[in-house]
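Below is one structure, written out as structure tokens, with a few remarks after it.
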Amino acid sequence: MTQSLVTNPLFRDNSYLKTTPAKVIGLTEEGGIILDQTVFYATSGGQPGDSGVLRRADGSEIQIAVAVNGATKNDFIHVPLEGQTLPQIGDEVTAEIDWERRFKLMQMHTACHLLSVVCPFPITGAAVNVDDSRVDFDLPDAEFSKETVTEKLMELVNAALPVTAQWISDEELAANPDIVKSKNVRPPVGQGRICLVVIGENGSVDSQPCGGTHVANTSEIGEIHIGKIEKKGKENRRYRIRFGKAPA
């Protein structure tokens, strides 16, 4: 691949899109597939990339193991499972994500945002997964217990708060540095705009830069709890979020 090929990331404007027609516009040397548009989220910001299929017109399928970024956050590469027959440049396909997996990731990612509201401390790390997600805080003592944090999380879930995305400029971000909660990672700038995830009317609960996928309302998260709090250094505490009620 000798030049940058532009993919329209449809999920940025609608996280609920499950499928889209697309055209193959490039193949990487490693066998990655580049489309003119996609619903596949690429691994980034602690959220895993989507898996799914590319379906040809004859009904045959190319199984996609994961979507990843290329040289920049605007390069989207669909990595097929080993042994798949690659398409040809110009082929028309239907791109379809594993929706059940994606929706769990959307629930979990939104729950991580809520956790950062309940625990208002600098974030030192995070990872979103379908069964067990985590947020690490710069926090000397686990002063917020599993029970207390779970209760406050469920209050926010049950409040049925709207979750929306807004776009701000690089200049607006620079003028409001406190909206970045991560202690070690800054949102990418230089593209002219940055996605801001807003929870509550007019950001009454939270606003922070994030390019991941989220549910549209906190009620869609469902029952969650803090399964574990781990000490990860002198001033670092890891809170693990899991689905379902807390064990008795």
| What is the spin-label model distance, in nm, from V117 to N202 if the labels are put 7 Å beyond Cα along the C-beta direction? | 1.6
| remark: With label points set 7 Å from each Cα along the Cα-to-Cβ direction at R12 and K234, the distance between them in nm comes to 4.1
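So for the chain, averaging the separation of alpha carbon pairs under 8 Å that are six or more residues apart and normalising by length, what relative contact order in percent results?
Values: 545 pairs, mean separation 44.8, N = 248.
After rounding, I find 18 percent.
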| At what distance in nm do the modelled label points of D178 and E29 sit from each other, each positioned 7 Å from its Cα along Cα→Cβ? | 4.9
| Net length gained if the chain between S169 and K146 were fully extended (0.36 nm per residue, minus Cα distance) | 4.6 nm
| query | In whole angstrom, how long is each semi-axis of the equivalent ellipsoid of segment 1-123, when you take the square root of 5 times every eigenvalue of its Cα gyration tensor and sort them from largest down? | reply | 28, 16, 12
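Which whole-number value in Å² is the accessible area per residue of the chain, probe 1.4 Å?
On the way: 12180 Å² over 248 residues.
Normalised by residue count, the accessible surface of the chain is 49 Å².
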| query | Along its principal axes, what span do the Cα atoms of segment 80-234 show, with the longest given first and each in whole Å? | reply | 56, 38, 35
| remark: Contour minus Cα-Cα span, A57 to D98, at 0.36 nm per residue, comes to 12.8 nm
| note | Counting only protein heavy atoms with a 1.4 Å probe and every protein chain in place, the carbon and sulfur fraction of the accessible surface of the chain in whole percent equals 50
| Where a Cα-Cα gap under 18 Å defines reach, which lysines qualify for K104, not counting those fewer than 8 residues away within the same chain? | K18, K245
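The values are calculated or read from the model by the stated rules, or taken from the named source; none is laboratory data. What you are looking at is a predicted structure, and each value in this text was computed from that prediction instead of being measured. Here the Cβ is made from the backbone with ideal geometry for all residues, glycine too, and neighbour counts use every protein chain on show. Only protein heavy atoms, including side chains, enter the accessible area calculation; ligands, DNA and RNA are left aside. Shrake-Rupley method; radii C 1.70, N 1.55, O 1.52, S 1.80 Å.
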